[in-house]
Amino acid sequence: NIFGVDIDPQAVEVTKLSLLLKVLEDANGQMRLGMERMLPDLGANIKCGNSLIGEDYFEGRLPSTISDEEYASVNAFEWQKAFPEVFAEGGFDIVVGNPPYIRIQSMQEWAAGQVEYFKKKYIAASKGNYDIYVVFIEKALSLLNEKGRMGFILPHKFFNAQYGEPVRELISHRKHISKIVHFGDQQVFYGATTYTCLLFLNKKEQDEFEVTKVTDLEEWRKSQTSEVSETSEVSGMIRAANVTSAEWNFSIGKGAGLFEKLSQMPVKLGDIAYIFVGLQTSADTVFLFKDAQKTNSRTIKVYSKELDQIVEIEIGLLKSVIRSGEIGRYWANPSALVLFPYDTKNSKSKLKTETDIKKDFPKTWNYLLSNKKLLSEREHGKFKDIGWYQLYPKNLDTWEQPKIMIPYMVTRLSAFYDENNCYFVNVTTGGFGVTTDEKIGSQKYITGLLNSKLLDWFMRQVSTSFHGGYFAANKQFLVQLPIHPINFDDPAEKSMYNKMVTLVESMLSLHKRLAAAQSPNTKGQLEEQIKSTDKEIDQLVYQLYGLSEDEIKIIER
């Protein structure tokens, strides 16, 4: 009754051996010395082949054009031919496994033909740079009989990732979900950092399914053979009809009603904001400087990671950069510089000519020449013939304006209102810039909302969590944040709005003073003022969003 398939011949042989050893064990775990009958031949049960690729992979090609090496590497496998007695009864009763976690970009390098096959063959492979485990989900469902069940351990990233949309549609349309055990940032596999879940699917439609969120892995493991500890997990039932191909954010427990209420608010940050990534240089080791020492009003000494030496360049083409870890709620500390060889006028950036840089910034020009080979070969030689020293031409015009800056990897949703034309470089080492439609409230007002406990709580419900309490403030999650638009014709709302802006301005000022404070006594006083002002903002947000006392308790807990 047990069948298995693996692409690795050694894994197949080891599995056969393991099963045969099990056959030899008696009730007390000792091996029988005298065998009463021959051991079974497991060749019909455990087979070697590519679970995802059938013989149709080679359709339309002459055998003479296919090498033995290609046949061996593809290892096409026909399930119906391999297990005819199983499919005579409609398929397998149970499919269980831990599919491989391989980004398709990696496969593209050594198995481009297989990547193209998946794209044509599987719905799950139809969008974005997916991970191959989503294809295994689709394959497993196709192998089940009408009463069949599937259980996989796999990354939960497909719940929210764009590439997961097709497989989410596949699962939700037929209401296949039976149960999900979400491990969040709990680490299941020793020695490997993976963010996983248990996914149980039924071939038959389910009207509802169970979701369990595990907060203490060891306690949860113990509870599988005993009573569930309240501190190890939160469980709840979800109506299958409420689940679609949209991102899966399963809110369960006491906060489910509040999450639903906030989710139903008509205005989201994505509706009123332009959210943009940091500069992309395609050569940070050349353009980004972390250590700098001013020499005079015109030049500065910086450490070039690419050249592994200190170089002197002109200040005029450098912009202040805020890096990850140097920005938080209402504060930021520019700690790096980026070489920006552009003229910016009226929010438009134009690449400086070689002649202008040579004339006005000779030291910078010599530095760029030292790195010409590397810069010319960036992006597969895209900049080789023209503008070899340019940055990637995206979001060059967006940073020199008042904006909100949101760091990417955080333990608390954070926003800083910037009026000093600071930059982020990339996303993972920086974050996102945000400008908003001020008809619903100024950017300072939005900064207050983003830094509130309420929106931090909501963000945690929809974002991807990582080890150490971190979560991603990614654009796909930021756009979902519910925003309360101000009705300026309502005196009460206008009054609350004015108070919010005043409090945010106070927080920005307090943090600036705290950074400059020298004495412990002054720092302590400022920290108390920050704490008190922060609390006022939270209470104001609760009032604006119409939260009840019970809902406030959920957030405060």
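The values are calculated or read from the model by the stated rules, or taken from the named source; none is laboratory data. On a predicted model such as this, the values are computed, not experimentally measured, just so you know. Please note: Cβ atoms are built from the backbone with ideal geometry, for glycine as well, and neighbour counts cover all protein chains shown. We work out accessible area using only protein heavy atoms, side chains counted, and drop any ligands, DNA or RNA first. Shrake-Rupley method; radii C 1.70, N 1.55, O 1.52, S 1.80 Å.
Things worth noting here:
- The set of residues from the stretch 343-380 being open to solvent by less than 90 Å² (accessible area, probe 1.4 Å) and part of a loop (DSSP other than H, G, I, E, B) comprises SER347, LYS352, THR353, PHE361, ASN371.
- Total residues in the stretch 157-183, condition modelled with pLDDT under 95, under 25 Å from ARG221 (Cα atoms) and either open to solvent by 10 Å² or more (accessible area, probe 1.4 Å) or touching a His at 6+ places or on another chain (Cβ under 6 Å) (or both): 2
- Yes/no for GLU69 being out of contact with any Lys or Arg (no Cβ under 6 Å at 6 or more places or on another chain), open to solvent by 50 Å² or more (accessible area, probe 1.4 Å), modelled with pLDDT under 95 and not in a loop (DSSP other than H, G, I, E, B): yes
- When the stretch 542-552 is filtered for residues that are charged (D, E, K, R), in contact with a helix residue (DSSP H, G or I) (Cβ under 9 Å, 6 or more places away or on another chain) and surrounded by fewer than 19 Cβ atoms within 10 Å (Cβ to Cβ), only ASP550 remains.
- Count of residues meeting criterion [part of a helix (DSSP H, G or I), at negative phi and modelled with pLDDT under 95] in the stretch 460-491: 7
- Residues of the stretch 119-175 satisfying the condition of being aromatic (Phe, Trp, Tyr) and in contact with a Phe, Trp or Tyr (Cβ under 8 Å, 6 or more places away or on another chain): TYR130, TYR133, PHE136, PHE152, PHE158, PHE159, TYR163
- Condition met for GLY49 (at pLDDT 95 or above, small (Gly, Ala, Ser) and surrounded by 17 or more Cβ atoms within 10 Å (Cβ to Cβ)): yes
- Failed item, numbered, when TYR163 is tested on (1) in a loop (DSSP other than H, G, I, E, B); (2) under 19 Å from the mean Cα position of the chain (by Cα): (1)
- Selected residue [closer than 20 Å to LEU141 by Cα, among the acidic types (Asp, Glu) and at pLDDT 90 or above] from GLU13, GLU78: GLU78
- Being at pLDDT below 95 and closer than 21 Å to LYS301 by Cα holds for only one residue in LYS382, LYS372, LYS363, and it is LYS372.
- Near pairs, Cβ below 9 angstrom, 6+ apart or cross-chain, from the stretch 65-93 (on the phi > 0 side of the Ramachandran plot) to any residue that is of a type in the set (Phe, Trp, Tyr): GLY91/TRP79
- Counted as qualifying within the stretch 209-296 are the helices (runs of 4 or more DSSP H) with 3 or more residues that are farther than 27 Å from ILE555 by Cβ, namely 217-223, 284-287.
- You will find that of GLN293, GLN280, the residue that is farther than 24 Å from HIS156 by Cβ and exposed (fewer than 15 other Cβ atoms within 10 Å of the Cβ) is GLN293 and no other.
- Within the stretch 508-541, the residues that satisfy the criterion of being closer than 20 Å to ASP456 by Cα, open to solvent by less than 80 Å² (accessible area, probe 1.4 Å) and either charged (D, E, K, R) or in a loop (DSSP other than H, G, I, E, B) (or both) are ASP534, GLU536, ASP538.
- First in the stretch 488-507 and surrounded by 13 or more Cβ atoms within 10 Å (Cβ to Cβ) and small (Gly, Ala, Ser), second anywhere and modelled with pLDDT of 95 or more and part of a helix (DSSP H, G or I), Cβ under 8 Å, 6 or more apart: SER506/THR533
Conditions (1) closer than 14 Å to SER463 by Cβ; (2) open to solvent by 20 Å² or more (accessible area, probe 1.4 Å); (3) aliphatic (A, V, I, L, M), marked per residue:
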residue: TRP399; (1), (2), (3): no, no, no
residue: ILE404; (1), (2), (3): no, no, yes
residue: VAL410; (1), (2), (3): yes, no, yes
residue: PHE416; (1), (2), (3): no, yes, no
residue: CYS422; (1), (2), (3): no, no, no
residue: GLY433; (1), (2), (3): no, no, no
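- Test: LEU481 is more than 25 Å from TYR274 (Cα to Cα), open to solvent by less than 60 Å² (accessible area, probe 1.4 Å) and of a type in the set (A, V, I, L, M): no
- Listing of helices (runs of 4 or more DSSP H) fully contained in the stretch 85-151 that carry 2 or more residues being surrounded by fewer than 14 Cβ atoms within 10 Å (Cβ to Cβ): 104-110, 112-121
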